[in-house]
Each structure stands twice: as structure tokens, then as C-alpha cells.
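The values are calculated or read from the model by the stated rules, or taken from the named source; none is laboratory data. All figures in this text were calculated on a predicted structure; none of them were measured in a lab. Positions of Cβ are backbone-derived with ideal geometry, glycine not excepted, and every protein chain shown enters the neighbour counts. The accessibility values were calculated without ligands, DNA or RNA, using every heavy atom of the protein model including side chains. Shrake-Rupley method; radii C 1.70, N 1.55, O 1.52, S 1.80 Å.
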Amino acid sequence: MAFRAALFRPRGGFLLLAFLVLVLGGPARSETTGASPFLDRHVQTGTLLDYRQAEVNLSQTSEIPKTGWEQKPITGQRLLRDVVPYNPDKNVTAWYRVRFSRSDAGPGPLAFETDHTAERIVVYLNGVDIYRSFGVGDRFEYGWNKPRMGLLPEALLREDGNELVLRVDAAYPAALRVGDLRVGGFDAIRAAHEWRRLTRVEGPKVVNGVLAILTLAILLFWSVRPQESIFGWMGLVGVVWFARNIHYYADAPLFNNGDLFWSLTHLSLFVLMVVIYGFVAAFIELPNRRRVVGFLGLCALAILLLHISFTDLIFGMTLSYLACIPVSLWVIWLFMRHAIVNPRLDSLVMFVAITTAFLFSVHDLGLMARTWDGAEFYLQPYGGLIVYSAFCFAVGRRVLLALTKVEGMNEELAVQVSEATRELRESEAARRQLEVSAAVEQERSRLMREIHDGIGSNLVTALAVARRQDEQGPSVGILKRSISDLKIAIDSLEPSEGDVSLVLGSFRQRTQADLEQAGIALKWNVDAIPPLDWLDAPNTLQVLRIFQEVVTNVIKHAAATEIEVRCRAEFRNGLPGVLVEFSDNGVGLKGSAPAAGKGIVNMTARAEALNAQLTTGSGKNGAGTSVALWLPYRRTAAATDSMSTERASAAEATSERPRKPESLP
């Protein structure tokens with residue numbers, strides 16, 4: 001907590017960021033003045049003579065001076081202290097001379113390279129003009145970021161005492177510098193030159209091109225949705241940053257006044273500072289962000305006035321860049337405090353990107369002033385890609401989160417609509433089914449009343465007449481069986497809701513009297529089992545016919561005194577089902593009707609129609625007969641039903657149970 005509180009104080013934030021700048025900025029370039037004029041570098045591709053000192057002459061002549069040479073360190077030198085005052089109407093010239101021997105540079109073709117010539121350079125080898133960086137005599141071409149390389153003709157080289165002289169012309173004194181100067185093997189010079197050209201020229205061009213494409217895409221999106229102001233900020237950042245780096249594409253001023261073009265490219269930095277910090281403040285919703293942006297605008301205006309108040313462009317530019325440092329540190333401290341208080345990924349990413357870009361700018365300021373080597377190329381163009389990528393990541397993440405939220409809401413709405421549609425469809429289907437079921441039950445009740453009051457009454461009357469006449473012929477038996485069949489048919493019409501126990505109970509009620517009359521005791525062992533959803537009225541009739549056939553066979557053929565009914569759940573072939581078993585203590589299969597009789601065939605056919613299994617065998621200990629009917633809980637798609645049409649019309653449960661007809665005697 002103490003560290004966090006200290007960090008939030010302005011002084012603590014400035015000290016921390018200043019420490020980071022010093023650590024990451026790297027050590028200053030040394031200005032060694034030892035006896036050796038160059039640092040001998042042995043690299044993989046050859047030998048490089050990296051000069052640390054040179055003879056310097058500031059004579060404003062067109063020919064190589066004969067006198068007035070002075071030995072100076074060229075690594076980190078500040079020529080501003082040594083040249084004449086700046087005169088905008090007169091160009092200035094500086095001469096540099098180094099010496100080397102053929103043996104120092106190594107065998108093979110030799111070349112030279114210098115990495116920081118601001119405008120025009122002419123190179124002489126042993127007094128002969130061998131290289132010019134310009135094509136027109138009075139044309140100034142920008143070379144501030146372009147390494148220069150040239151081949152040293154073998155015919156002009158001496159074994160010892162070679163002189164390499166550089167003439168540098170510029171419009172202002174601060175541009176009279178050559179940066180690092182190297183002589184060595186052609187392959188070694190070319191490798192170093194290609195690396196510098198890639199990192200200093202081609203790399204920034206590619207980065208700026210990517211920024212331009214991203215900016216165009218963002219501006220196009222903003223033109224479609226102008227209410228999204230954050231994309232307007234991003235587009236403004238991209239436009240200003242591209243304008244800031246336009247000089248990477250220019251070999252010469254884009255308009256006649258070169259000083260004005262050079263000033264505009266540097267003045268855009270202050271506008272860039274305002275729009276970058278303004279975008280971040282708006283994106284992270286920094287408290288008092290309008291005041292912060294306004295204050296930044298005033299600071300940028302003050303720094304701009306400081307910049308243009310100096311006649312020497314480089315000196316004014318250096319001071320103005322130094323003035324940007326405390327302003328940037330203050331803004332970064334605000335962002336850091338906000339990122340700690342509101343730890344979000346996008347805020348953290350943008351804070352890291354802004355801090356990295358600031359450190360890159362400090363690095364470039366030191367490189368421009370030649371106070372350190374650093375990475376040996378300007379990092380700010382690459383910092384632009386880092387900052388813009390962080391912006392795109394932060395905005396893109398926020399857009400993706402919004403889209404994900406919208407998609408989630410759409411999915412939830414779709415689920416709700418689907419659920420409501422399903423419920424409405426089910427409600428409508430249930431309503432239609434209730435109507436159909438009510439009509440079916442009404443018709444079923446009517447048929448049951450007609451059967452009971454019509455056919456049933458006639459059969460009972462006929463049986464009573466036959467008994468009154470003391471009829472002992474077959475008529476009484478036929479009438480009894482007809483009444484029994486009619487009872488079973490009526491029972492099958494009673495809604496059982498698939499409960500096998502209920503079906504068995506109804507069957508027991510109908511057959512109890514016949515069994516007692518035949519002298520057969522009934523043992524009942526029925527477990528509670530779940531209902532069968534496919535056991536409707538037609539299928540119930542099939543099951544009751546099988547039960548009726550079994551009991552009839554026992555009464556007629558078994559000569560039994562006892563029959564036991566068992567019902568329990570049982571698996572067969574891995575499938576769950578219900579097993580209903582009838583066992584008697586009669587004479588068994590050998591003493592009763594043949595196993596292949598018509599009754600067994602009919603029961604088997606009915607079981608197959610139900611997709612059930614019927615098995616017959618001996619009873620316990622080989623005595624009596626056992627008939628078992630296994631009914632599956634779920635019927636397979638291949639199962640057939642002889643009464644499928646009638647079952648389909650009565651498959652749904654009814655809203656009220658139909659009136660039970662009067663019992664037949």
C-alpha cells in the first residue's frame with residue numbers, strides 16, 4: 001500500500017519513469033581520444049575500420065584544403081560548438097579526412113560507408129572524386145537516415161598512406177556531420193550497409209504503409225458510423241503519424257522551401273503527441289479527460305513556439321523534443337495510475353505501448369544528438385506500429401466483447417423464441433389431441449353402452465332362458481364363452497394407461513368365478529412395475545386374449561387345482577421389460593393338449609404382433625405347465641401391430657376417465 005501510494009504521487013511517478021528511461025536508454029557514446037584513429041572490427045565477412053577520430057576542416061572552399069586540419073573525435077562530436085553561426089542565405093561546408101593502409105583494411109576489394117550525412121556528400125580517394133550522393137549540382141538531397149556506401153577503386157589505392165576525404169555541404173551548420181565512418185572489405189561493408197538500409201529506410205517505409213492501410217480502413221468504418229468517435233480519434237492518430245514519417249519517403253523536399261518541409265515534418269510530432277494521448281484518455285475514460293487534452297494542446301502550442309523561435313533548426317528541434325519529455329512523463333503517470341486502479345487488459349496494453357513509444361522517442365533523441373549508439377537506427381517509426389497495434393487490439397477487443405454480448409443476447413432470444421414456439425406448438429397439438437381424445441372416448445363410451453345394453457343384455461337373457469329350460473346342450477357353454485369374450489372386450493376398452501398390474505387385476509376379477517367353479521385356487525404374486533407407454537386399448541385386448549387362452553387351457557386340459565400368476569420386471573437380451581407368468585400344478589404338457597395346438601399358435605402370433613416373447617414349459621420341479629409372456633418397455637421400430645390405425649387414434653391420455661358400464665352378471 002505504501003508503494004502504491006508513493007507511486008500515485010507525481011514525484012514518485014516521474015522518478016520511476018525517469019529511472020526506466022535511464023535504464024532502457026543505454027549508455028552514452030564515449031568520445032575516446034586514444035592514439036588509434038579507428039576501432040579495428042573483425043567480423044565474419046571481413047575487417048572493418050570503424051573510425052572514432054578524423055581530421056576536420058571547416059573551410060568554405062570547393063577544393064580539398066591544404067591546411068587548417070584539426071584532429072577531432074567524430075563519434076559523438078557536437079559540431080554546433082565549432083561552426084560559424086547559421087545563415088539561411090548561405091550554405092556551409094565541412095571536410096573530413098582519414099588515413100589507412102592497404103594492409104589494415106585486409107585483402108580483396110575495399111569500400112567505404114558513412115551512416116549519417118544530412119544532405120550532400122562528395123568522397124575523394126587520394127585526391128580523386130570517386131562518389132557523389134547527388135546528381136544535380138545545386139540539388140540538396142536528404143540523407144539524414146540513409147547510409148552511404150561506395151567502392152574504393154583498386155587502381156587508386158596505395159599500399160600505405162591512403163587518404164579518404166569527405167566533403168559535406170548543408171543548408172545549416174548542424175547538418176555538417178557524417179556519423180559513423182567505416183572502411184574495409186567490400187563484403188563486410190555491404191553487409192553492414194544492407195542491415196542499416198533495412199532498419200533505417202525500408203523498415204520504416206513498410207511500417208508506414210501498414211499504418212496507412214489500417215488508417216484508411218478505420219476512416220472508412222468511421223465514415224459509415226460517425227457516432228463512434230473513438231474510430232475518429234484512431235483515424236486522426238494514423239493520419240498525423242503518417243505525416244510525421246513522410247520524410248522517410250522523400251529524397252528531396254516535396255516543395256521548394258526545404259527548411260519549411262523539414263520543419264513541418266518535425267512540428268507534426270507535437271500534434272501527434274496531443275492526438276495519441278487524447279485518444280488514450282478518451283478510450284480509457286480518464287477522469288477530466290477534456291481538461292487533460294486541453295492542457296496537452298496548450299503544452300504543444302508552447303513547445304511549437306519554442307521550436308520556431310530558434311533560427312537553427314536542429315538546435316530548436318532538440319530543445320523542443322526535450323520539452324516534450326516532462327509533458328509525456330506526466331501523461332504516462334496519469335495512464336499508469338488509471339491502469340493500476342482499473343486493471344483491464346486493454347488499458348494495460350495501451351499503457352505498455354505508450355510507455356514503449358516514449359522510450360523509443362528518448363532513444364531517438366539521444367541518437368539524433370549523437371550522445372549514444374542505442375540500436376543504431378531510429379525506433380520511433382516502429383513505435384508507431386506498436387502503439388497503433390495496441391490501439392487496434394484495445395478497440396478490437398472492446399468490439400469483440402460487444403459483439404459477443406450481442407451474440408449471446410441473440411442466442412438467448414433465439415432460445416426463448418424457440419421455447420415459446422415449441423410450447424405454443426405443443427399447446428396446439430395438445431388441444432387437438434384433447435379434442436380427438438374426447439371424441440374417441442365419447443365414441444368408445446357409446447360403443448361400450450351399446451354393447452352392454454344391447455348385445456350383453458341379449459346374451460344374458462338368452463343364457464337365463466337356456467338355464468330356465470334346463471338346457472344342458474352346447475348352447476349354455478357357447479353363451480357363457482360369448483359373455484366371457486364380451487367382458488374381455490369391454491375390459492380392453494377401459495383406459496389402463498399402460499399399467500400391466502391394472503390389466504391383470506381386471507382380468508382376475510373376470511376369471512375368479514370361473515376358476516372357483518372349476519375348483520382351481522388362484523395365487524397372486526404381482527410386483528409394482530412402471531407402465532408400458534405403448535399398451536393402449538387394441539394392444540390390451542391382445543394381451544387379455546393371451547391371458548384368456550392360458551386360463552382356458554388350464555381349465556380344460558390341465559386338471560389342475562392351483563394356478564399362480566406372477567408379474568415382475570425382467571431384462572431379456574439387455575432390454576428391460578415385464579414378465580407375466582402363469583404356472584399350474586396340473587398334468588403338464590405331456591398329459592394336456594399338444595404343444596403345437598391351435599391355442600399355442602394363436603398366442604404366439606399375438607405375442608409377435610406385440611413384439612413380445614411367449615415361452616411355454618414345465619412348471620416347478622417338472623410338474624404342471626408354465627406359460628410366460630415377456631412385454632418390452634420400448635417397442636422397436638420394426639415392431640408391427642395389427643390394429644395400428646385404431647391405436648394411433650387413442651394413443652394420447654384423456655382429460656377425464658370415461659364412465660364405466662354396468663357390470664354384466
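Points worth noting:
- In segment 96-137, the ratio of gyration radius to Kirkwood radius, Rg to Rh, stands at 1.00 when only Cα atoms are counted.
- Solvent-accessible surface of segment 143-260, averaged per residue with a 1.4 angstrom probe and all protein chains in place: 44 square angstrom.
- Dipole of segment 341-430, positive end: most advanced residue of Thr421, Leu385, Met409 [Cβ charges, Cα centre]: Leu385
- Segment Lys556..Ile325, full-extension length gain: 71.6 nm, with 0.36 nm per residue of separation and the alpha-carbon distance subtracted.
- If R0 equals 51 Å, the separation of the Cβ atoms of Arg425 and Leu400 corresponds to a calculated FRET efficiency of about 0.90.
- Taking a Cβ cut-off of under 15 Å around Phe221, the surrounding Lys, Arg, Asp and Glu residues balance to a net charge of +1, with basic ones at +1 and acidic ones at -1.
- 3J(HN,Hα) along segment 227-243, derived from phi through the Karplus expression 6.51 cos²θ - 1.76 cosθ + 1.60 where θ = phi - 60°, amounts to 6, 7, 5, 4, 6, x, 4, 4, x, 5, 4, x, 5, 5, 5, 5, 4 Hz, with x in place of Gly and Pro.
- Gln227/Ile130 FRET efficiency (R0 51 Å; Cβ-Cβ; nearest 0.05): 0.25
- Computed in the context of the full set of protein chains, the accessible area of segment 141-220 at 1.4 Å probe radius has 63% of its extent on carbon or sulfur.
- Measuring only protein heavy atoms, the 1.4 Å probe finds Asp50 accessible over about 10 Å².
- The DSSP beta bridges internal to segment 520-613 are antiparallel in roughly 60% of cases.
- Diffusion constant of segment 170-292 at 10 °C, which comes from Stokes-Einstein with the Kirkwood Cα-pair radius and 1.306 mPa s, µm²/s: 91
- In this calculation the C-beta distance from Leu198 to Met409 is compared with R0 = 60 Å, giving a FRET efficiency of 0.75.
- Taking the convex hull of the alpha carbon positions in segment 202-245 and averaging its projected area over all directions gives 2.6 nm².
- Heavy-atom surface analysis with a 1.4 Å probe gives segment 362-420 a carbon and sulfur content of 69 percent of its accessible area.
- Length gained on full extension, Arg290 to Ala528: 77.8 nm, using 0.36 nm per residue less the C-alpha separation.
- Here each label is just a point 7 Å from Cα along the line to Cβ, and for Asp40 and Arg102 those points are 1.8 nm apart.
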